[in-house]
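Asker: Please see the structure below; I have some questions.
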Amino acid sequence: AACQVIPHPQRKNWCTSPAKMQAANSLDDIVDALGDDLTGSYDTSLGDPNVKPKPPPAPVEDPAGRSETTLRITFPAQQQFLEKLVVQVAAVDGIADATQPFANFSSASAANREFKCQSDPKTATSMDVVGLVPGTQYCARLVVTNPSGTSVGANSDILLTCPSPPPAPTEVKEKHGVRSLGIAFPAQNQRLIECSVYSCPAAEGTAGLDSTTLITSAQAPATCIGITATNLSPGTTYIHRLKVENVAGVARGEPSQPMTTLPLPPTPVEDTTKRTSTSVTIAFSPMAPQVVTKLEVLVVDAPKPSKANFDAPMKTYNVPDPSNASTFLLKDMPSDATFCIKLKATNDSGSTLCKDALVVSTKEFAPVEKDFSSFMLEMPKVEGKKTLGRRLSMRKAKPKRFFYVLDGKLLTWFDEPKGKEIGFIHLGKVSEIKSDETRDSTMLELAIKGQPSILLQADSTDPNVTSVQLANIWVDALNYALDPSCPAPVIPDVMRGVVAPPTQAASAPKAPSQQQRVPSAGPAASTPAPAPSVPATVPETAAAEDGEGFDEFEGFGTVEDGGEEFGF
């Protein structure tokens, strides 16, 4: 019978003599043309084209080819006369049954991908799967086809793409503090295990971001939408960068726009040598190098800081050259009154008050002249029995206020400092200086031989020295002038016109209190009573509280300052 021979494309040496095959007229002729081994025309070790290929083993990933949108899938060469090899990738995130990622596989779905091998399917050993979603879990498998059919391979382990670079963070000004900055950004998800903010002064540029140490980490990396960058310097401009990480890799974002912490103004001190009845001069450390656009002096008509309301000040003064100013004169103040003063500093991020209030009085003050000097009141002296009528008479009598100066043994009094002389007395005529033995009185009495005594009341106009202290200094000074063997008086430096230096705006130590500015005590018999401590300070403005209210943001991560206090 007629016989047609169709050579298989995969056969080796499909016949020993093509001419014999063309001339064959019988089966014997065909056998003669093919040779002795009719089945050896192809290599059975590479598979059988007449048999469907075996299911491929589970592919594995090569981490060297991993990125936020690419996975490199590797597998053994399949051979088996393959005509086609396909890698299928299915997203595991969001499916009902993660153990069956290909249950409803469709390459038309955005979550799934199918990639055909473009090289020889028999010898290919890897393929790059591209166009994937960053930070997403996938499962991969092989699908192979030869002339006899198609086989589906085993599923790979769960694979994960790297996270994508996060966007530059933005600032949340209402969350800024003097040593912290509120930073916001979209939730990254991407199965993150770390979301961190790196910060450096803007002057250092991105080089500083590359070399800086970790600033703050989010507690919930995948869902966090904001972080408080802490332990920063007041009034300083910073840039920030986000770093995110999952088990597949790390990504760093672009630098942020500059952000500035709130300024921290210093607590002022008074230059008592320049005080008048209608003006006060304050001194303070310059704000530089802090970023400050405005510096104001707020004055509240209150004798104690606890009663001061700086939200509604009596007077507000603008300080020229806010960065470099170190003194300021407050003019047109009401006379004979006591006030509380604070500095308020402002920049683009907001405003902050200094922590402690300065208490001042518009009572004219003059530094010590000669051996000692101050204002005192000459009290009327009523002789005889202290009946009710005499007591009422004393209350109606007005004391006279003079400026007393002690020079050696001469005590002179004037209507005002360096003013008109009113009277004098030589201490040789004084038999005794009388005062309260407990040294807790403002009164002293000069007993004069053969004449009525002079009753004086100390009237301190120095905010650093109380009237009781002043009376004790006068008693010691007069006794020392009468008898040099008595203890010498201890006169505080501030009474001699020595002004305590102002505190640094951003330094850690606290500003000295009024008590700290009075020199330490000497011997008990000649030491003025301790100055009263500074009254309770007014709480800072809300703007200066670092990170307060951040828990209002869902997923907002915060980190504590580790107990370190503000540098007031």
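The values are calculated or read from the model by the stated rules, or taken from the named source; none is laboratory data. Bear in mind the structure is a predicted one, so any value in this text is a computation, not a measurement. Virtual Cβ from ideal backbone geometry, glycine too; neighbours counted across all protein chains shown. To get the accessible areas, we keep the full protein, side chains included, count just its heavy atoms, and leave off ligands, DNA and RNA. Shrake-Rupley method; radii C 1.70, N 1.55, O 1.52, S 1.80 Å.
Asker: Go through F414, F403 for me and flag whichever is open to solvent by 20 Å² or more (accessible area, probe 1.4 Å), modelled with pLDDT under 95 and among the aromatic types (F, W, Y).
Answerer: Only one candidate qualifies: F414.
Asker: Can you tell me which residues in the range 268-287 are at pLDDT below 95 and open to solvent by 20 Å² or more (accessible area, probe 1.4 Å)?
Answerer: D271, T273, K274, T276, S277, T278
Asker: Could you give every pair whose Cβ atoms fall below 6 Å, whose first residue belongs to the range 178-201 and is closer than 30 Å to K355 by Cβ, and whose second residue is open to solvent by 10 Å² or more (accessible area, probe 1.4 Å) and among the acidic types (D, E), counting only separations of at least 6 or pairs across chains?
Answerer: R179/D546; S180/D546
Asker: Please determine whether any residue of the range 478-494 is among the hydrophobic types (A, V, I, L, M, F, W, C) and under 30 Å from K355 (Cβ atoms).
Answerer: Within the range 478-494 (the criterion being among the hydrophobic types (A, V, I, L, M, F, W, C) and under 30 Å from K355 (Cβ atoms)), the answer is yes, since at least one residue qualifies.
Asker: Residues that are more than 28 Å from L262 (Cβ to Cβ) and over 28 Å from the mean Cα position of the chain (by Cα), at least 1 per element: which strands (runs of 3 or more DSSP E) completely within the range 126-236 meet that?
Answerer: Once the strands (runs of 3 or more DSSP E) in the range 126-236 are filtered for at least 1 residues that are more than 28 Å from L262 (Cβ to Cβ) and over 28 Å from the mean Cα position of the chain (by Cα), what remains is 126-129, 137-146, 149-152.
Asker: On to the next question. Being exposed (fewer than 14 other Cβ atoms within 10 Å of the Cβ) and within 28 Å of the chain's Cα centre (by Cα) is true for just one of N347, N309. Which residue is that?
Answerer: N309
Asker: Taking the criterion of being within 30 Å of N318 (Cβ to Cβ) and of a type in the set (G, A, S), would at least one residue in the range 262-277 satisfy it?
Answerer: Yes.
Asker: Determine which member of the set K331, K294, K315, K304 is open to solvent by 30 Å² or more (accessible area, probe 1.4 Å) and under 25 Å from A202 (Cβ atoms).
Answerer: Sole residue among the options that is open to solvent by 30 Å² or more (accessible area, probe 1.4 Å) and under 25 Å from A202 (Cβ atoms): K294.
Asker: Another question, then. Residues in the range 123-142 that are surrounded by 20 or more Cβ atoms within 10 Å (Cβ to Cβ) and more than 30 Å from T223 (Cβ to Cβ): how many?
Answerer: Residues meeting the conditions: 3.
Asker: So which of Q451, Q469 ends up being open to solvent by less than 50 Å² (accessible area, probe 1.4 Å) and not aromatic (F, W, Y)?
Answerer: Q469
Asker: Does E171 fit the bill of being under 30 Å from R241 (Cα atoms), touching a residue at least 60 places away in the same chain (Cβ under 8 Å) and of a type in the set (D, E)?
Answerer: yes
Asker: Could you list, in sequence order, all residues of the range 169-185 that are open to solvent by 10 Å² or more (accessible area, probe 1.4 Å) and β-branched (V, I, T)?
Answerer: Of everything in the range 169-185, those that are open to solvent by 10 Å² or more (accessible area, probe 1.4 Å) and β-branched (V, I, T) turn out to be T170, V172.
Asker: What residue, among those in the range 47-103 that are modelled with pLDDT under 90, small (G, A, S) and farther than 18 Å from G135 by Cα, is surrounded by the fewest Cβ atoms within 10 Å (Cβ to Cβ)?
Answerer: Taking the candidates together, the pick is A96.
Asker: List, please: which pairs have Cβ atoms under 6 Å, are six or more places apart or on different chains, and start with a residue in the range 294-322 that is farther than 13 Å from M333 by Cβ and touching a residue at least 12 places away in the same chain (Cβ under 8 Å) and end with one that is hydroxyl-bearing (S, T, Y) and assigned to a loop (DSSP other than H, G, I, E, B)?
Answerer: Every condition considered, the pairs that remain are P305/T537.
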